[in-house]
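Only one structure is covered here, and it is reproduced in the block below.
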Amino acid sequence: MKKALIGRKIGMSQMFLDDGTVVPVTVCELGPCVVVQKKTVEKDGYNALKLGYGEAKAHRLTKPILQDLKKRNLPLLKVFREVENFDENLQEGSVITCEIFTENQMVDVTGISKGKGFAGVIKRHGFHGGRETHGSNFHRAPGSIGANTFPAEVWKGKKLPGRHGGKTVTVKNLKIVKIIKDKNLVLISGAVPGTVNSIITVQSK
């Protein structure tokens with residue numbers, strides 16, 4: 001059974017453990033999330049739980065989403081995610097908080113990484129580049145990218161300069177260091193993807 005919550009990244013800090021060890025942590029606000037829809041194999045073709053997070057104003061939502069939430073008598077929400085292998089006892093309208101997680105639990109965190117604009121192959125893919133010595137005309141270029149007569153084209157998937165970052169990234173096996181239940185805050189060891197206040201999804205192993 002998988003547990004999951006939608007939240008946002010607050011920022012980074014550090015914690016001192018009982019033995020004096022300093023642990024870098026990411027402060028995340030997780031939940032409260034509302035169960036918007038319970039999907040089943042009979043009706044939808046698969047089992048999943050649709051969660052909603054974050055208050056929204058009516059004029060900020062599209063009409064299909066607004067009408068669906070009103071039909072189900074649910075509060076106006078703006079962020080939605082689906083979770084598989086969930087607790088089957090949860091029903092539509094149930095509110096889930098950070099209390100579903102426990103300290104020292106391992107989780108996977110998904111978010112959109114920081115966008116870094118157009119970048120070359122050294123920054124984007126970690127190429128070594130050429131010699132930095134005097135007289136060398138090859139420093140940060142990608143180098144040869146294809147053969148001559150055959151295939152007479154560049155293979156798909158070739159590592160070249162382009163847009164760096166801004167992609168959905170999942171960081172696995174992070175540990176929950178501390179949970180502050182009254183403020184819906186969860187301190188997760190290490191760094192999680194995304195900028196400050198960006199939306200993240202935390203799932204248990």
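The values are calculated or read from the model by the stated rules, or taken from the named source; none is laboratory data. Being a predicted model, the structure only gives us computed values, none of them experimental. All Cβ positions, even for glycine, are placed from backbone atoms using ideal geometry, and neighbour counts span all protein chains on display.
Here E82 passes the criteria (1) in a loop (DSSP other than H, G, I, E, B); (2) free of Cβ contacts under 8 Å to residues at least 60 places away in the same chain except the one numbered (1). Checking G130, G166, G111, G146 one by one, the residue that is under 19 Å from R81 (Cα atoms) and either in a loop (DSSP other than H, G, I, E, B) or of a type in the set (K, R) (or both) is G166 and no other. Selection of the stretch 97-108 for residues being outside any strand (DSSP E or B) and surrounded by 15 or more Cβ atoms within 10 Å (Cβ to Cβ) yields C98, I100, F101, Q105. Filtered by the rule that a residue be in a helix (DSSP H, G or I) and among the basic types (K, R), the stretch 36-54 gives a lone residue, K43. Could you say which residue among I145, I112 is within 28 Å of the chain's Cα centre (by Cα) and either surrounded by 10 or more Cβ atoms within 10 Å (Cβ to Cβ) or more than 21 Å from C33 (Cα to Cα) (or both)? None of the others qualify; the one that does is I112. With respect to the stated conditions, S144 fails to be modelled with pLDDT under 95 and within 28 Å of L74 (Cα to Cα).
Residues checked against (1) closer than 11 Å to C98 by Cα; (2) over 13 Å from the mean Cα position of the chain (by Cα); (3) modelled with pLDDT under 95; (4) surrounded by 17 or more Cβ atoms within 10 Å (Cβ to Cβ):
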residue	(1), (2), (3), (4)
R163	no, yes, no, no
T168	no, no, no, no
D182	yes, yes, yes, no
G190	no, yes, yes, no
I199	no, no, no, yes
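Residue by residue, here is whether (1) touching a strand residue (DSSP E or B) at 6+ places or on another chain (Cβ under 6 Å); (2) not charged (D, E, K, R) holds:
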residue: C33; (1), (2): yes, yes
residue: V36; (1), (2): yes, yes
residue: H59; (1), (2): no, yes
residue: R81; (1), (2): yes, no
residue: E88; (1), (2): no, no
